Amino acid sequence: MSITLVILSLVAGSLAQEIKTDYDRKADFSLYKTFSFEKVETKDPLWVDRITAAIGGELTAKGLTKVASGGDSAIVAIEMTADRQTLDTFYDTFPGGWGWRWGSGYGDATTTTETYTVGTLVVDLFDRKTKALLWRGSADSTLSNSSTKNIKNFDKSVEKLFKKFPPK
């Protein structure tokens, strides 16, 4: 039973994605027709093309046009990773059931520490002329050891990130 709980907690953690967005409430997003990438920062150079393709695909699907440089809006995307830990405590050998015999103790507890890696993508859209921040989105997702699985989860995260873009 303990093994099942560990597996379920790891699976639930691997599926967790946290998406956050915010934007300038005074900005008129209908004025922005083109975009270009100002900067894409990641430790792994293989991810530069993946990041630009995913973001570019979402913005193009929303009606914006990608230009090589000088777009109405400039995009800065930064990818980073961090190790995090979770504590899992499992209780067993409850004598007499769940406390029915007071004074008989609560059984044994085993606590394990699990370390996992979370990838974060932060995307900023700026007005190219004024340099004002128009929109910011961030996506956090637990990473796996499989590059293929990470790419699939990344694409889903970017899709969720831009689901309500442009803001109304």
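The values are calculated or read from the model by the stated rules, or taken from the named source; none is laboratory data. It should be emphasised that the depicted structure is a prediction, and the values quoted were computed from it without experimental measurement. Because the Cβ atoms are built from the backbone with ideal geometry, glycine has one as well, and the counts that use them run over all protein chains shown. Areas reflect the complete protein model, heavy atoms only, side chains present, ligands, DNA and RNA absent. Shrake-Rupley method; radii C 1.70, N 1.55, O 1.52, S 1.80 Å.
Summary of values
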quantity	calculated
Residue that is most open to solvent (accessible area, probe 1.4 Å) [pool: residues in the range 148-162 that are in contact (Cβ under 8 Å) with a residue 60 or more places away in the chain and out of contact with any strand residue (DSSP E or B) (no Cβ under 8 Å at 6 or more places or on another chain)]	Glu159
Flag for Ala68 being assigned to a loop (DSSP other than H, G, I, E, B) and in contact with a strand residue (DSSP E or B) (Cβ under 6 Å, 6 or more places away or on another chain)	no
Count of the range 117-134 residues which are assigned to a strand (DSSP E or B), open to solvent by less than 50 Å² (accessible area, probe 1.4 Å) and either farther than 29 Å from Asp83 by Cβ or among the small types (Gly, Ala, Ser) (or both)	4
Residue in the range 101-116 that is open to solvent by 50 Å² or more (accessible area, probe 1.4 Å), of a type in the set (Phe, Trp, Tyr), within 27 Å of the chain's Cα centre (by Cα) and modelled with pLDDT under 95 present	yes
Extreme residue, nearest to Arg136 (Cα to Cα), among residues of the range 5-19 that are modelled with pLDDT under 50 and open to solvent by 80 Å² or more (accessible area, probe 1.4 Å)	Leu10
Flag if Asn145 is open to solvent by 20 Å² or more (accessible area, probe 1.4 Å) and in contact with a Ser or Thr (Cβ under 7 Å, 6 or more places away or on another chain)	no
Residue in the range 53-69 that is at pLDDT 95 or above, open to solvent by 80 Å² or more (accessible area, probe 1.4 Å) and within 16 Å of the chain's Cα centre (by Cα) present	no
Near pairs, Cβ below 9 angstrom, 6+ apart or cross-chain, from the range 34-53 (of a type in the set (A, V, I, L, M)) to any residue that is in a loop (DSSP other than H, G, I, E, B)	Val48/Thr42; Ile51/Thr42
Per-region count, the range 20-40, residues surrounded by 17 or more Cβ atoms within 10 Å (Cβ to Cβ) and part of a helix (DSSP H, G or I)	1
